[in-house]
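Here is the structure we will look at.
The values are calculated or read from the model by the stated rules, or taken from the named source; none is laboratory data. As the structure is a computational prediction, the values presented were derived from the model and not from experiment. Backbone-built Cβ (ideal geometry, glycine too); neighbour counts: all protein chains shown. What goes into the accessible areas is simple: the full protein's heavy atoms, side chains included, and nothing from ligands, DNA or RNA. Shrake-Rupley method; radii C 1.70, N 1.55, O 1.52, S 1.80 Å.
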Amino acid sequence: MGKKFLLLLTLALPVCSFAGNLTVFNTGVNSLGVALPAGQVDPHYHDTIPANTVYTGNYGPWPNPGTVASWIEPDLSYGGAYGGGLYNLDYQTTVDLTGFDPASVSIVGVWATDNFGTNILVNGHATGNTSPTWSSLTGFTLSGASGFFTPGVNTLDFQWGNGGGPGGLLVEFTSATANAAGTGTPEPATFLLLGAGLAGVGLLRRRRQP
């Protein structure tokens, strides 16, 4: 009886998923994730329209992210001198999903823009996330369920614009996870097997009763 009981329990175990952390960088940080001083070049973000250098710097009235991030802008005067202060930019970074299941990706964060954030793109696909103000942080979620993520290196684009005066972008990721490739989540058939296994355990117990 003991052997049959163990066999049924083994068959009843569901397939587990294993979540791991993804490497994605906040704006204006070094390779250790620590905020860079003002005037430094951001090593993880670049401007795609046009392809210009991105600098760090926290303008006085902007919310201060502390040591976890820094605002980034297109010049060394908080963006005020770039294009006369009137521009629309696309700042891009990457996330590597090698070894992860793209469908299981969950990236959560907040962003702020001076003056306005128009969209966040995943591999060129619009997600509809906007940032309406520079004075507070707006939340966003990028999910693998959208189907936009793919194996390997993926691009995240933060599109924003300025209507005059200082202009900048702040992005802070609060979590970024995905399941290891090939682990998945329990399938319906697995749950059916689990039910059958528990039923078998019940039968064994009945047979052992006098």
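Would you mention how many residues in the stretch 152-169 are outside any strand (DSSP E or B) and in contact with a Gly (Cβ under 9 Å, 6 or more places away or on another chain)?
Number of matching residues: 4.
Here is a check on your reading of the model: is THR155 open to solvent by less than 60 Å² (accessible area, probe 1.4 Å), modelled with pLDDT under 95 and not aliphatic (A, V, I, L, M)? First the steps, then the outcome.
Working: open to solvent by less than 60 Å² (accessible area, probe 1.4 Å): yes; modelled with pLDDT under 95: no; not aliphatic (A, V, I, L, M): yes.
So THR155 does not fit the description; no.
Checking THR183 against (1) at pLDDT 95 or above; (2) outside any helix (DSSP H, G or I), which single condition isn't satisfied?
Going through the list (1) at pLDDT 95 or above; (2) outside any helix (DSSP H, G or I), THR183 breaks only (1).
So, in the stretch 127-137, of the ones that are closer than 19 Å to GLY163 by Cα and of a type in the set (Val, Ile, Thr), which residue ends up most open to solvent (accessible area, probe 1.4 Å)?
The residue in question is THR130.
Return only the number of the condition from (1) at negative phi; (2) in contact with an Asp or Glu (Cβ under 8 Å, 6 or more places away or on another chain); (3) among the small types (Gly, Ala, Ser) that ALA103 does not satisfy.
Answer for ALA103: the failing condition is (2).
Going through the stretch 26-44 one residue at a time, which ones are of a type in the set (S, T, N, Q) and either over 19 Å from the mean Cα position of the chain (by Cα) or not in a loop (DSSP other than H, G, I, E, B) (or both)?
In the first step, residues of the stretch 26-44 are kept if they are of a type in the set (S, T, N, Q); the result is 26-27, 30-31, 40.
Across the stretch 26-44, the qualifying residue is only GLN40.
Output the number of residues of the stretch 135-171 satisfying the condition of being free of Cβ contacts under 8 Å to residues at least 40 places away in the same chain and more than 11 Å from the chain's Cα centre (by Cα). Explain how you work it out, then say what you get.
The first filter runs over the stretch 135-171 and keeps only residues free of Cβ contacts under 8 Å to residues at least 40 places away in the same chain, leaving 138-143, 146, 148.
Right, trim to more than 11 Å from the chain's Cα centre (by Cα) and you get 138-139, 146, 148.
Here the count works out to 4.
Would you pick out the residues in the stretch 45-56 that are part of a loop (DSSP other than H, G, I, E, B) and either surrounded by fewer than 16 Cβ atoms within 10 Å (Cβ to Cβ) or among the hydroxyl-bearing types (Ser, Thr, Tyr) (or both)?
Residues satisfying the conditions are TYR45, THR48, ILE49, PRO50, ALA51, ASN52, THR53.
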